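Enquirer: Pasting a structure here, questions to come.
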Amino acid sequence: KNPAASSSTDIALRKAMQVYEAKSETLLEDLPDGAIFSLRNSRIFQRGKKFRTRYQCKELTTGKMYRINGLAEVELIKE
């Protein structure tokens, strides 16, 4: 029920665990480039190119660039 914090660092393990989770979630890696999404903290981003396991994303309100893990749960606003 409450796995250790390090369980999300292994991508293969995280994807295997998602099969057994009850809720369906949208992951950042499932979105197309240029998609606009929000995180739980209600900040709005636009997805950019991939760097290994993270995506370079631009926060739309400030214009700052962030690298966000591809396994982050997001809410799609606009493709």
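Enquirer: Quick one: in the range 59-79, of everything that is open to solvent by less than 60 Å² (accessible area, probe 1.4 Å) and in a loop (DSSP other than H, G, I, E, B), which residue is farthest from Leu28 (Cα to Cα)? So that I can check it myself, show each step before the final result.
Expert: Restricting attention to the range 59-79, the residues satisfying the condition of being open to solvent by less than 60 Å² (accessible area, probe 1.4 Å) are 59, 63, 68-74.
Checking which are in a loop (DSSP other than H, G, I, E, B) leaves us with 63, 70-72.
On the way: Gly63: 19, Gly70: 5, Leu71: 6, Ala72: 6 Å.
Out of the qualifying residues, it is Gly63.
Enquirer: Could you figure out which of (1) at pLDDT 95 or above; (2) in a loop (DSSP other than H, G, I, E, B) isn't true of Gln56?
Expert: (2)
Enquirer: Give me a count of the residues in the range 46-71 that are over 24 Å from Asp10 (Cα atoms) and touching a residue at least 24 places away in the same chain (Cβ under 8 Å).
Expert: Result for the range 46-71: 1.
Enquirer: Let me ask you something else. Please specify each residue of the range 15-52 satisfying the condition of being loosely packed, with under 10 Cβ neighbours inside 10 Å and either modelled with pLDDT under 90 or in contact with a Leu (Cβ under 7 Å, 6 or more places away or on another chain) (or both). Spell out how you get there, then give the answer.
Expert: To start, the set of residues in the range 15-52 that are loosely packed, with under 10 Cβ neighbours inside 10 Å comprises 19-24, 32, 40-42, 49, 52.
Within the range 15-52, Val19, Tyr20, Glu21, Ala22, Lys23, Ser24, Arg40, Asn41, Ser42, Arg52 meet the criteria.
The values are calculated or read from the model by the stated rules, or taken from the named source; none is laboratory data. Bear in mind the structure is a predicted one, so any value in this text is a computation, not a measurement. Cβ: placed from backbone, ideal geometry, glycine included. Neighbour counts: every protein chain shown. In case anyone asks, the SASA skips ligands and DNA or RNA and just uses the protein heavy atoms, side chains included. Shrake-Rupley method; radii C 1.70, N 1.55, O 1.52, S 1.80 Å.
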